[in-house]
Amino acid sequence: MKKTILIISLICMVLGAEAKTRYKYYPNTELRPDRTVFLYVPTVKEAKKALKQIPDPTHAKKAETLALTPVGDNGYRGQENMFDPNGATFGINEWARFDLYFPKESNGKMVVVTPGGGYNCVCHYIEGIYAADWFVERGYTVAVVKYRLPNGDNRIPLSDVHNVLRYAREHQQEWGISKIGIIGFSAGGHLAASASVLYDDAATRPDFSILVYPVISVVEPYGHVYTGQKLIGNYDQLRQEDDMKLEALLYKYNLFNMVTPDTPPTFMVLSADDKEVEPMNSIAYYHSLVYCGVPSELHIYQHGIHGFGFNYYKFTNDDWLYDARDNFFEALERWLSNR
């Protein structure tokens, strides 16, 4: 008996050491998805293998795959990497996926979450699973997207989000969902806004949009050029190759240009002291929303800097939004109740 217990203990120690090496950082929540769905892995067998190799502890126990054909190729090969306690994951390519969370009692609404990271990584703790925790607690079905990084191919992230939205639309009756919205943060806010103004059809158009300190412009004087060049490519090089093509892309991805009366109702939140993504990004987009008659709200708090996300007292002792946190959540809940 003692020998058996010793063997079991040794096995647990080995497995624990392996998990510690594989997962360097863990989120400050016990919540885990009910399903992890790969977009492009060809078979379930390969999806299960991928699940054992990704350095990301926020996944379901079982893997599924849609086995879709990807649009574009960002050139990344090999293992993903997570270097940051915020869950910042780099090198996402063929293992692009989304985590599905189902509430105990559904309120009939769903949100697709696109974390930020400058189109250079996906910060899916403070802008992913923590957001899922908040929404699931309130009855929302949630999909957190770990999208492919563009590396200069602007088609890639949005095509991933469109595929998630199509999947959700196909299953919304089964899940008892009447409305599907999107929430994005920083560069993920640019992606969520792109989904809101550059949708392909009714299936890929969100029913509502929540943009948290979003990148909207990708050119100076106030645009986030770093994000733009990750999405589109090096501006100077592209200007030499085809100046007219570059200008067309810059016009398109300065998203305030693309707002129409059919843009989904939009809630925006940011802080006045954001030095990373200037507040004028949101103000310009809000101006376009108002001009086009789109129901929308803009909330600008005095403090919060950049990256406050859903990283609040439940997960951390240092909430950058300070006493504005409750106001933000109350305003968001009120706004969502009318969607």
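So that you can scan it fast, the table gives a plain yes or no per residue for (1) closer than 27 Å to residue 338 by Cα; (2) modelled with pLDDT of 95 or more; (3) of a type in the set (Lys, Arg):
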site: 126; (1), (2), (3): yes, no, no
site: 132; (1), (2), (3): yes, yes, no
site: 141; (1), (2), (3): yes, yes, no
site: 153; (1), (2), (3): no, yes, no
site: 171; (1), (2), (3): yes, yes, no
site: 189; (1), (2), (3): yes, yes, no
Cβ-Cβ distance below 6 Å, separation of 6 or more or different chains: which pairs start in region 167-192 with a residue that is of a type in the set (Val, Ile, Thr) and end on one that is surrounded by fewer than 19 Cβ atoms within 10 Å (Cβ to Cβ) and modelled with pLDDT of 95 or more? 180/207
Looking at region 193-218, I want the residues that are in a helix (DSSP H, G or I) and have a partner that is among the charged types (D, E, K, R) and modelled with pLDDT of 95 or more with Cβ atoms under 6 Å, at least 6 apart or on another chain. Which pairs are those? 203/166; 203/169
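So that you can scan it fast, the table gives a plain yes or no per residue for (1) among the small types (Gly, Ala, Ser); (2) touching a Cys at 6+ places or on another chain (Cβ under 9 Å); (3) modelled with pLDDT under 95; (4) not in a loop (DSSP other than H, G, I, E, B):
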residue: 238; (1), (2), (3), (4): no, no, no, yes
residue: 246; (1), (2), (3), (4): no, no, no, yes
residue: 250; (1), (2), (3), (4): no, no, no, yes
residue: 262; (1), (2), (3), (4): no, yes, no, no
residue: 270; (1), (2), (3), (4): no, no, no, yes
residue: 273; (1), (2), (3), (4): no, no, no, no
residue: 277; (1), (2), (3), (4): no, no, no, no
residue: 281; (1), (2), (3), (4): no, no, no, yes
residue: 285; (1), (2), (3), (4): no, no, no, yes
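So which of 293, 307 ends up being assigned to a loop (DSSP other than H, G, I, E, B), in contact with a helix residue (DSSP H, G or I) (Cβ under 8 Å, 6 or more places away or on another chain) and at positive phi? Before you say what the answer is, go through the steps one by one.
Details: 293 fails: in contact with a helix residue (DSSP H, G or I) (Cβ under 8 Å, 6 or more places away or on another chain).
From the options 293, 307, the qualifying one is 307.
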Cβ-Cβ below 9 Å, separation at least six or inter-chain, first residue in region 285-311 and free of Cβ contacts under 8 Å to residues at least 60 places away in the same chain and farther than 17 Å from residue 323 by Cβ, second of a type in the set (Gly, Ala, Ser) and not in a loop (DSSP other than H, G, I, E, B): which pairs? 286/296; 289/296; 290/296; 294/288; 296/209; 297/331; 298/282
Pairing a residue in region 151-162 that is within 17 Å of residue 115 (Cα to Cα) and in contact (Cβ under 8 Å) with a residue 24 or more places away in the chain with any residue that is of a type in the set (Lys, Arg) and part of a loop (DSSP other than H, G, I, E, B), where Cβ atoms lie under 8 Å and the two sit 6 or more apart in sequence or on different chains, gives 156/148; 157/148; 160/148
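Restricting to region 195-226, give me the number of residues that are touching a Phe, Trp or Tyr at 6+ places or on another chain (Cβ under 8 Å) and closer than 30 Å to residue 108 by Cα.
So the first thing to find is which residues in region 195-226 are touching a Phe, Trp or Tyr at 6+ places or on another chain (Cβ under 8 Å), and the list is 205-206, 208-214, 216-218, 225.
With the extra rule that they be closer than 30 Å to residue 108 by Cα, the set shrinks to 205-206, 208-214, 216.
Of the residues in region 195-226, 10 are touching a Phe, Trp or Tyr at 6+ places or on another chain (Cβ under 8 Å) and closer than 30 Å to residue 108 by Cα.
The values are calculated or read from the model by the stated rules, or taken from the named source; none is laboratory data. These figures come from a predicted structure and were not determined experimentally. FYI the Cβ positions are ideal-geometry reconstructions off the backbone, even for glycines, and counts take in every protein chain you see.
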